[in-house]
Amino acid sequence: MNPEFDFEPAATALETVVCGISDEQLAAATPCADTTVRDLLAHVIDLTEAFRQAATKEAVGGSVAPDVAPERALAGDWRARIPAQLKALVSAWREPAAWDGITEAGGVSEQAPAMAMIALDEVVVHGWDLAKATGQPFSPTATDLAVLLDMLSATPPEGTPGLFGPVVPVPVEASALERVLALTGRSLHWTA
C-alpha cells in the first residue's frame with residue numbers, strides 16, 4: 001500500500017451515500033452540470049472499474065474513457081455493483097505493484113501514483129456530488145483532502161475543460177473540503 005493514502009475511507013464514504021439513494025432521487029440534479037443522480041451513478045460504475053483496471057494494469061493499451069454523457073443507462077444492479085466495485089478498487093490499489101510504472105484509465109496514460117490521485121479525486125468529489133444532490137452528509141478524511149489539494153493546486157482559474165469548471169473563489173478561512181470543491185469548479189453551498 002502507498003504510504004500517502006488508502007482508498008478505503010473515500011470508498012466507504014461513497015458507498016454509504018450510494019446506499020442512501022432512493023429511486024425517487026435518481027432524476028435529481030447534481031452539482032455536475034446537466035447530470036442527474038442516475039447519470040452520475042452510471043459514471044461511478046464506469047470509473048470504479050476503470051481505475052481498478054488502472055491499478056492492475058489491465059487497461060494499459062485499451063481502456064475507454066468513463067462516460068459521463070447525460071441520459072446514460074443505469075445498470076439495474078447498481079446498488080450491489082457499486083459497493084462491490086469500490087471494494088475491488090480498494091483491494092487493487094493496496095497491491096504494491098499498483099503504484100509502480102505507467103498505467104492508463106480512460107485512454108489517458110499517467111504515472112501510477114498520479115493516476116491514483118485522479119481516482120481519489122473522482123471517488124471523493126463524486127461522493128460529495130451525490131451526497132449534496134440527495135441531502136446526505138459526506139465527510140472525506142483530512143488525509144484525502146490534503147492529497148487532493150496537492151493535486152489540484154495547479155488547476156488554472158478557467159478550470160480544465162472536460163474535467164473541472166472554472167475555479168470558484170473561496171474565503172481565506174475556507175475548509176479543506178471547500179477548497180477542494182472550489183478547485184473542481186464546485187461550491188460547498190450548491191443547491192439544485
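Each reported figure results from applying straightforward, stated rules to the coordinates on display, with no laboratory input. In this text the structure is predicted, and so the values were computed from the model without any measurement. Quick reminder, even Gly has a Cβ in these numbers, built from the backbone with ideal geometry, and neighbours come from all protein chains shown.
Taking the Cβ of residue 176 as the centre, find all other residues whose Cβ is under 13 Å away and add up their charges (Lys, Arg: +1; Asp, Glu: -1). List each step's numbers first, then the result.
Values: positive: 179; negative: 144, 150, 173, 178.
Surrounding charge for residue 176 is -3.
The modelled label-to-label distance between residue 79 and residue 109, using points 7 Å beyond Cα along the C-beta direction, is 4.3 nm. Helices in the chain, meaning DSSP H runs of at least 4 residues, each add -39500 (n - 2.57). Divided by all residues, the mean residue ellipticity at 222 nm is -15500 deg cm²/dmol.
Positive end of the dipole of the chain (Cβ unit charges, origin at the Cα centre): among 147, 9, 135, the Cα lying farthest that way belongs to 135. Need the C-alpha centroid separation for segment 104-149 versus segment 1-50, integer Å. For segment 104-149 versus segment 1-50, the Cα centre distance is 10 Å.
For segment 33-192, the residue among 90, 119, 175 whose Cα projects farthest onto the positive side of the dipole built from Cβ charges is 90.
Can you order the peptides 175-185, 91-101 by their average number of other Cβ atoms within 10 Å per residue, highest first? Walk me through the numbers before you get to the answer.
Details: 175-185: 20.2, 91-101: 15.5.
Those peptides, ordered most packed to least, come out 175-185, 91-101.
The dipole here belongs to the chain: it is taken about the Cα centre, uses +1 on the Cβ of Lys and Arg and -1 on the Cβ of Asp and Glu, and is about 200 debye.
Note on the chain: Kirkwood radius taken over Cα pairs, Stokes-Einstein applied at 4 °C and 1.567 mPa s, translational D equal to 78 µm² s⁻¹.
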